[in-house]
1. In degrees from 0 to 90, rounded to the nearest 10, what is the angle of the helix B:311-321 Cα long axis to the longest principal axis of chain B?
2. For every other residue with a beta carbon closer than 9 angstrom to the beta carbon of A:Leu218, add +1 if it is Lys or Arg and -1 if Asp or Glu, then tell me the sum.
3. Please report the spacing between the Cα centers of the range B:30-49 and the range B:85-116 in Å, no decimals.
4. Considering only A:Ala32, A:Ala16, A:Ala221, give the residue with the highest GNM mean-square fluctuation for chain A, with springs between Cα atoms whenever their separation is below 10 Å.
5. Which value, in square angstrom to the nearest 100, describes the accessible area buried between chains B and A on both sides, using a 1.4 angstrom probe?
6. For peptide B:67-75, how many partner chain Cβ atoms fall within 10 Å of a residue's Cβ, on average?
7. What angle do you read, to the nearest 10 degrees and between 0 and 90, between the alpha-carbon axis of helix A:137-148 and the longest principal axis of chain A?
8. With unit charges on the beta carbon (Lys/Arg positive, Asp/Glu negative), name the residue among A:Gly104, B:Gly66, B:Val295 whose Cα is farthest towards the positive pole of the charge dipole of the protein assembly as shown.
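The values are calculated or read from the model by the stated rules, or taken from the named source; none is laboratory data. Please read all numbers here as calculations on a predicted model, not as lab measurements. Neighbour counts run over all protein chains shown; Cβ positions are idealised from the backbone, glycine included. Just so you know, the surface numbers come from the protein's heavy atoms only, side chains and all, with ligands and any DNA or RNA stripped out. Shrake-Rupley method; radii C 1.70, N 1.55, O 1.52, S 1.80 Å.
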Amino acid sequence: MLLIRRFEERAGEMYAKAKIGGFLHLAIGEEATIVGSTRALRDQDYLISTYRSHGHTLARGSEPERVMAELFGRVDGLCNGRGGSMHMFDLQNRFMGGYGIVGGNLPLAAGFALASDYLERDEVTLCQFGDGASNQGTFGETMNLAALWRLPVVFMVTNNQFGMGTALERHSAVTDLMRKGEGFGVPGMRCDGMDVADTYNVTCDALRIAREERQPVLVEAVTYRFRGHSMADPEEYRTKEQVDEWRKRDPLTVFGDQLVAAGVLGEDEREAIDRETIERVDRAVAFADASPHPSPNDLYDDIYVLGEQVRGWYSVDERTPTPHRGEDESAMDRAELPHAAEHAGATTAKPADAAQADED
Amino acid sequence: MRYREALNAALREEMQRDPNVMLMGEDIGVFNGAFKVTAGLLEAFGEKRVRDTPISENTIVGMGVGAAMTGLRPVVELMTINFSLLAMDQIVNHAASIRYMFGGQVKVPLVVRMPQGAGHQLGPTHSHSWEALYLHVPGLLVATPTTAADAKGLLKSAIRDDNPVIFIEHEYLYGQRGEVPDDEDHTVRFGVAAIRREGSDVTIVGISRMALTAARAAKTLSEEHDIEAEVIDPRTLRPLDLDTILASVRKTNRCVIVEEGWPHGGVGANLAALVQEQAFDDLDAPIQRVTGADVPMPYSKPLEQIAFPHEPQVIDAVLATFGDRR
Ligand SMILES: Cc1ncc(C[n+]2csc(CCOP(=O)(O)OP(=O)(O)O)c2C)c(N)n1
């Protein structure tokens with residue numbers, strides 16, 4: 001939780017310094033929901049989330065260096081700088097992505113669960129999305145299909161009280177979100193998303209039900225984001241008093257105090273951990289800063305899996321007057337191409353690269 | 001063998017070959033498919049592998065994407081291409097983008113099959129031809145098989161490929177017969193056009209069903225106008241075998257492109273741009289396009305019939321490239 005908090009605070013600063021572009025959605029305040037739920041997963045389980053997912057990928061074990069590098073848009077980023085803040089992905093740690101389309105990740109989650117079920121693998125998918133996403137068509141469609149096919153998936157609606165600037169009671173006729181799946185055959189549970197232990201316990205139960213009883217569950221995690229929706233949010237839709245009220249429940253303070261009170265952690269240790277965490281984030285920033293930008297030559301990489309069928313990339317760009325080079329460019333050196341690095345963005349063709357052929 | 005049976009055979013053989021190939025779609029199982037392409041497959045492979053789904057296009061395709069990312073080779077059937085618009089989000093924002101935006105960490109070996117085409121008086125929500133919509137999207141492969149042999153060979157290639165494939169069938173073609181190689185390894189590689197008829201006077205490129213219309217027009221042109229047309233069926237639009245088309249145009253010096261879809265931003269518009277960019281000096285006349293009418297498909301039979309191309313329009317376009325020989 002501390003790592004996520006310190007990481008995101010720094011990310012906010014880096015955004016202000018224009019080291020990070022695009023949108024930056026921070027989950028500050030929601031750390032207990034993220035960590036409590038993610039810790040309930042087994043290594044082989046899948047986690048999928050939204051554009052607000054720096055914390056999810058960190059909680060799953062991604063190196064802060066690579067997450068920060070992704071925010072900076074650098075080659076050493078988790079996705080080589082292709083995804084940015086909204087599109088984190090770490091296959092090795094089974095973090096199956098942040099997605100920029102509200103509600104777009106639910107069908108994918110059911111698809112992972114379908115594959116797990118089909119291949120008879122003992123995996124469960126945990127799918128997180130916001131209260132706003134529960135109004136998308138994919139919500140109902142996916143709940144229905146998951147329940148109908150008894151897929152091992154747990155849906156977690158992160159109820160942070162707002163979809164951007166629209167308060168829950170202004171966007172959803174049913175505000176008791178845990179009940180929103182019932183009509184589709186998905187029973188609900190609720191956890192205190194500001195309480196890491198409660199979130200962990202409830203998620204464990206939900207995962208067990210999904211894994212053992214093949215019954216998808218919808219968990220509502222009640223939480224709050226302390227910062228704006230994104231960095232570009234003047235927060236005119238809520239009062240400072242409301243934010244202050246929720247801040248009293250800051251999961252870092254509350255949980256830290258609990259640990260100290262229980263004698264698990266000394267005050268000095270608590271400070272030491274914080275210092276180490278800040279240093280770790282410093283290293284992540286230094287790493288990201290030192291990592292190069294992707295080369296223009298990389299522009300066309302990974303659009304297709306190259307192989308027998310698709311041997312080269314032969315995009316078409318009307319701005320280029322030179323002849324189309326045909327598709328089979330596998331033998332050509334990249335540098336020989338008519339529009340190598342210096343003309344990237346106006347490239348007619350790119351060679352197949354044996355090294356790119358898919359590993360599996 | 002009929003086109004629909006060829007598709008069925010491709011699905012059956014690929015399912016036998018690879019246990020991770022599975023089918024999802026509305027009414028593909030018990031009902032045997034809206035156009036009977038999946039007839040008998042539920043019986044043969046069971047409910048685990050042939051799944052009737054609720055009417056939830058976006059979610060079915062999205063589940064296909066997710067399952068493809070995690071080890072399966074799903075083939076999703078959508079009842080018609082019109083309904084694929086409900087799944088446009090999963091097709092474009094997800095299937096086509098995921099590999100790229102996640103830096104190549106995953107692949108999406110998914111096939112989305114669906115028919116298109118006018119002629120059955122189904123009106124504006126069931127009759128369109130939209131290969132151009134999918135041709136537009138990097139990250140997708142797009143196939144438009146015309147013959148039974150290609151239907152089978154391309155579908156097998158599509159299923160074996162590691163990229164998301166938009167596989168566009170045609171309602172009119174389902175009942176057409178053609179020779180189909182019996183060989184279980186009969187595949188047709190994407191990106192290789194078929195020359196349906198050789199000729200030296202004009203190149204006619206026909207997309208999807210229009211490859212047949214073009215071939216009929218070519219016969220009439222030969223018999224009545226002494227014009228020998230070369231008819232090319234690109235078979236796949238992504239990848240596109242532009243080289244074969246260009247080689248033909250360099251020989252004939254004339255080019256006509258025939259498609260059933262709308263004119264603006266269509267396959268022909270794109271192809272005409274490519275051909276003039278790269279073979280301008282070889283052209284003796286402006287490239288002609290024959291397209292569907294720029295209207296939502298009308299229900300009325302006479303109106304519908306004039307809203308998509310037939311042989312006479314193709315002949316007129318060819319004659320136009322010869323100027324005064326009309
Ligand atoms: C399909 C779609 N519509 C709109 C948006 C713009 N948008 C981004 S986040 C957001 C609010 C989502 O709220 P919620 O689901 O509650 O998640 P939260 O941001 O609170 O985590 C909106 C409208 C989008 N990204 N995708």
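1. Between the helix axis and the principal axis of chain B, the angle is about 50 degrees.
2. 0
3. 24 Å
4. A:Ala16
5. Values: alone 13600 and 17080 Å², together 25770 Å².
Protein heavy atoms only, the B-A interface buries about 4900 Å².
6. 6
7. The two axes meet at around 80 degrees.
8. Going by the Cα projections, it comes out as B:Val295.
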